[in-house]
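Reviewing the structure listed below.
The values are calculated or read from the model by the stated rules, or taken from the named source; none is laboratory data. These figures come from a predicted structure and were not determined experimentally. All Cβ positions, even for glycine, are placed from backbone atoms using ideal geometry, and neighbour counts span all protein chains on display.
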Amino acid sequence: MTLSFPVPPGDKHALEAASVFSPRFDDRGLITAIVTDARDGELLMVAFMNAEALSLTLETGIAHYFSRSRGRIWKKGETSGNLQSVIELRADCDQDALWLKVSVAGHDATCHTGRRSCFYRTVTLAEGVATLTVVDDAIHFNPEQVYHK
């Protein structure tokens, strides 16, 4: 079943104050989803949802996303076992971004690299050159054993 999401025609007040959930998808039919761990607030990942992925997430309580690279719905953790159970889903003030607070099953890792978070590197600037430095090198699962091509 696909849910319908009524979108108020340019009514800023309805988006900001009303209780009607009216997510504003972009021109590609996507909405940004920010994902954090419900336990400690750690930022795990940023992904995108289309209306179908959002509907599946609401209906099942398991996070579903739209993979832009694969062009299809993606049930997070379906292959790795690191399913994301949605504890809370929030919409921002103008309903064009979502925040999912999740509990991660399996290895308690979200990144396809085997790390807990996709944000495992910091960006620094030195002498005009931006570099990445790994700050979380703990691997929770072996991606080569989990993801079979």
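Annotations
- Whichever residue in segment 58-90 is over 18 Å from D37 (Cβ atoms) and of a type in the set (A, V, I, L, M) and, among such residues, is surrounded by the most Cβ atoms within 10 Å (Cβ to Cβ): I73
- Of note, D40 satisfies the criterion of being at pLDDT 95 or above, over 22 Å from R24 (Cβ atoms) and in a loop (DSSP other than H, G, I, E, B).
- Contacts under 6 angstrom Cβ, first residue in segment 42-60 being of a type in the set (S, T, Y), partner surrounded by 22 or more Cβ atoms within 10 Å (Cβ to Cβ), 6 or more apart: T57/A63; T57/H64
- Qualifying residue in segment 134-145 (condition: part of a strand (DSSP E or B) and either more than 14 Å from M45 (Cβ to Cβ) or at pLDDT below 90 (or both)): yes
- Restricting segment 115-138 to residues that are of a type in the set (G, A, S) and without any contact (Cβ under 8 Å) to a residue 24 or more places away in the chain leaves a set whose member that is surrounded by the fewest Cβ atoms within 10 Å (Cβ to Cβ) is G128.
- Where a residue in segment 85-102 is closer than 18 Å to A17 by Cα and its partner, wherever it lies, is of a type in the set (S, T, Y) and not in a loop (DSSP other than H, G, I, E, B), with Cβ under 6 Å and at least six apart: A97/T32
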